[in-house]
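Here the structure comes first, spelled out in structure tokens, and everything after it is commentary.
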Amino acid sequence: MESFPQSIFAVPLILIVYTIYRQWTRISVADVPGPEPESFLLGCLPEMLQSQVAQADFKWQARFGHVVRVKGILGSDRLLISDPKAIQYIYNSGHNIRKQGFRSELTRVITGPGLAWANNEIHRRQRKVNSAAFGTNEARSYVPIFVAYASVKGKLITTPSSHHRHWDQLSTQWKELLAIDMSAVVNTPRWFSRFFLDVIGEVAFDYQFSATDDEDDPFAIALSSVAPGLTIPSKLAIFILALVEFLPPKMIHLFMEYAPVKALQNSRRVTRIAVGVAKDLVDEKAEALIAGKGKRDIMSLLVKANASANLRMNLSETEMLAQMQTIMQAGHETTANTLSWTMFELTQHPDVQSKLRAEIRVAESAMHARGATEFTYVDFEAMPYTVAVMKETLRFHPVAYSSVREAARDEVLPLSTPIVTKSGKTITELPIPKDMILVISNAGYNRLDAQVFNPERWLNGTVQTTTSVGVYGNLMTFGSGHRACIGWRIAVYEYQAFLVELRKVTLVAQFMGSTATVAAPDGEEVTVTLLPDTHMAPDAYYEVIGSVVNPTTIKMYQCIDMGTNLDMKLVDDTIKLMHDQRFYAKMFSPGD
Ligand code: HEM
């Protein structure tokens, strides 16, 4: 037992010596310009990993160009890449430049041995089975579900018991809001996250998480708690994790499985819960398939594809269960955050918001004129301005703002823009050594030719498309090549369904001075005049209490932020009740 503490010190020491040795004995990228490291120990990693998302990428890209040498720990190098040709090469190099081993193992902790974890042959096999559930037709078939979920009106009340629960929630929410000085902050990303968890549960597994209705669902809570635990690492965490990157794969695996790191422990716990839920679902789908009652959710399609795949090509039970976690993790926060960023940009750009609303209104009239009540994917595809807003948000706010790869052998990267090295040479291709870590800056690539948010660029032909890179809009937001986002079609329809439906019923306003013009749900516009010092949160419903100045203007006395999950039918009923003769006089005195 006495040798145990010594080995604790020996392992990091060997690693440190090995890391430094590796630096000196392979192809060097030392001549590539890049920022000065903060220290030998940590390099530039704290600035890269602790600052606001992609801020370091933008800063270094502007200063050093599209390939930047960034110091890691102990003098090691990595390259930060936003050069289109280099990115295209990296993603088309098959498995010669692969997902970094460390990231794969980290992914395994979060999702199990599913598609996002796999490399090489295993990835090829898993991707083939998965692709049966992610084609264009499959994505289109989910649109009615997205539209139904996104339609806030009338969604929440489904059964008498939940009716009462919501009544309680709503009135409690009102009382609480009124008690805190007529203002409240609504955590929109959180609401969206729960909405998207519900909807992905439905399309992926025909399973109801009810995360929107039930804050206590253990699986929903567990899933939502994974991502935050993995962001903004401390300097110590940065050092340890960067050191682990250099471990042999087996040791990385052991670290991920057993290290007493809180975020990892949490992920392992979620994995255990998810595997339990997934097992029941897979069994259910398999039984339904045998009974000839297979459904069209993603998991049913996977079970079917797996059953008909040749035995060497199909997924094991563990792999099948891991697909569920993969889809849940990859498919809910990503879309939710994209929608939150859209709401944010709309509050910053009222002109964009008006055009968006106008297009949706026209599409809605056309839909009603043909006797339909809900949008279809055909309607969605015929909304050019809405699609432009979506693409611009995806360009400006890629939720996966970088992806990490490593060279499986010595390689030479072609470049769109030549690099002038520190020693003054101009090079058009860059040799890199085996194991070189490549950080692909999706955010940096997306903003290469445009630093401002402007959806018009997608309509006026000013988008650069010289090098073909990404799967949607030639952006890197959904990644690229053989492991690009498999769910991108689903994500796009889902995102559009929510964007279109929310615009119909939500008041989003940017206040210029003390007034705002808001489009009412019926399409008319009303000007609201604010009291001094009133703050309006975006995305939420507001109850506005004020006096009518003229047919289109209300002078606002008070406004109540109602949050984003309002049941409008319930609101209508409540308002009718308040205006009932029996109660009206008690509630409102003349002149109010
Ligand atoms: C706006 C929403 C989304 C964004 C921005 C997004 C982004 C991405 C990116 C960048 C990758 C590649 C990561 C890499 O290069 O290592 C990826 C992979 C993946 N995404 Fe998405 N995603 C979104 C929605 C979805 C949805 C809705 C699903 C499933 C229903 C999904 C499932 C996956 C899976 C399974 C992978 C792994 C693919 C592989 O490694 O072969 N994603 N996603």
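Here the helices (runs of 4 or more DSSP H) wholly within region 227-316 that include at least 1 residues being within 25 Å of Leu438 (Cβ to Cβ) and modelled with pLDDT under 80 are 262-290.
Suppose we keep only residues that are assigned to a loop (DSSP other than H, G, I, E, B) and aliphatic (A, V, I, L, M) within region 442-466. Which one would you say is surrounded by the fewest Cβ atoms within 10 Å (Cβ to Cβ)?
Among them, the one singled out is Val452.
Yes or no: Arg98 at pLDDT below 90, within 30 Å of Tyr18 (Cα to Cα) and within 14 Å of the ligand (Cβ to nearest atom)? In short, no.
Restricting to region 467-493, and then to whatever is within 12 Å of the ligand (Cβ to nearest atom), in a loop (DSSP other than H, G, I, E, B) and hydroxyl-bearing (Ser, Thr, Tyr), can you tell me which residue is surrounded by the fewest Cβ atoms within 10 Å (Cβ to Cβ)? This residue is Tyr472. If the condition is being surrounded by 21 or more Cβ atoms within 10 Å (Cβ to Cβ) and polar (S, T, N, Q), then region 282-333 contributes Ser300, Asn306, Gln323, Gln325, Thr326, Gln329. One residue alone among Tyr91, Tyr142, Tyr149 is closer than 29 Å to Ala30 by Cβ and either surrounded by 18 or more Cβ atoms within 10 Å (Cβ to Cβ) or of a type in the set (Val, Ile, Thr) (or both), and that residue is Tyr91. Each residue in region 394-415 was checked for being surrounded by fewer than 17 Cβ atoms within 10 Å (Cβ to Cβ) and under 20 Å from Pro33 (Cβ atoms), and 2 of them qualify.
Within region 399-416, restricting attention to residues that are in a strand (DSSP E or B) and of a type in the set (Val, Ile, Thr), the residue that is farthest from the ligand (Cβ to nearest atom) is Val412. Being within 16 Å of the ligand (Cβ to nearest atom) and either in the same structural domain as His66 (by TED's automatic domain parsing) or touching a helix residue (DSSP H, G or I) at 6+ places or on another chain (Cβ under 7 Å) (or both) holds for only one residue in Ile419, Ile437, Ile427, Ile432, and it is Ile437.
Report, by residue number, each residue of region 315-335 that is charged (D, E, K, R) and farther than 21 Å from Ser193 by Cβ. The answer is Glu317, Glu319.
Let's see how each residue does on (1) modelled with pLDDT under 85; (2) closer than 17 Å to Asn92 by Cα:
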{"residue": "Ile437", "(1), (2)": "no, yes"}
{"residue": "Gln451", "(1), (2)": "no, no"}
{"residue": "Trp458", "(1), (2)": "no, no"}
{"residue": "Phe478", "(1), (2)": "no, yes"}
{"residue": "Ala520", "(1), (2)": "yes, no"}
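Quick grid of which residues meet (1) free of Cβ contacts under 8 Å to residues at least 12 places away in the same chain; (2) more than 16 Å from the ligand (Cβ to nearest atom); (3) more than 21 Å from the chain's Cα centre (by Cα):
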{"residue": "Asn266", "(1), (2), (3)": "no, yes, no"}
{"residue": "Ile273", "(1), (2), (3)": "no, yes, yes"}
{"residue": "Leu289", "(1), (2), (3)": "no, yes, yes"}
{"residue": "Arg296", "(1), (2), (3)": "no, no, yes"}
{"residue": "Ala307", "(1), (2), (3)": "no, yes, yes"}
{"residue": "Met343", "(1), (2), (3)": "no, no, no"}
{"residue": "His349", "(1), (2), (3)": "no, yes, yes"}
{"residue": "Ser354", "(1), (2), (3)": "no, yes, yes"}
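Checking each residue in region 110-133 for being more than 8 Å from the ligand (Cβ to nearest atom), buried (at least 22 other Cβ atoms within 10 Å of the Cβ) and in a helix (DSSP H, G or I) picks out Ile110, Thr111, Val129. Contact map, region 27-43: first residue more than 18 Å from Ile419 (Cα to Cα), second residue surrounded by 14 or more Cβ atoms within 10 Å (Cβ to Cβ) and hydroxyl-bearing (Ser, Thr, Tyr), Cβ cut-off under 8 Å, separation 6 or more or different chains; pairs are Gly43/Ser76. Listed by first and then second residue, the pairs with beta-carbon distance under 6 Å, at least 6 apart or on different chains, first residue in region 129-142 and of a type in the set (Val, Ile, Thr), second at pLDDT below 90, are Val129/Ala305; Val129/Asn306; Val129/Ala309; Val129/Leu315. Scanning region 326-341 for residues that are closer than 26 Å to Gln126 by Cβ and more than 8 Å from the ligand (Cβ to nearest atom) returns Met328, Gln329, Glu333, Ala336.
The values are calculated or read from the model by the stated rules, or taken from the named source; none is laboratory data. All values derive from a computational prediction rather than experimental measurement. Using ideal geometry, Cβ is built from the backbone for each residue, glycine included, and neighbour counts are taken over all protein chains shown.
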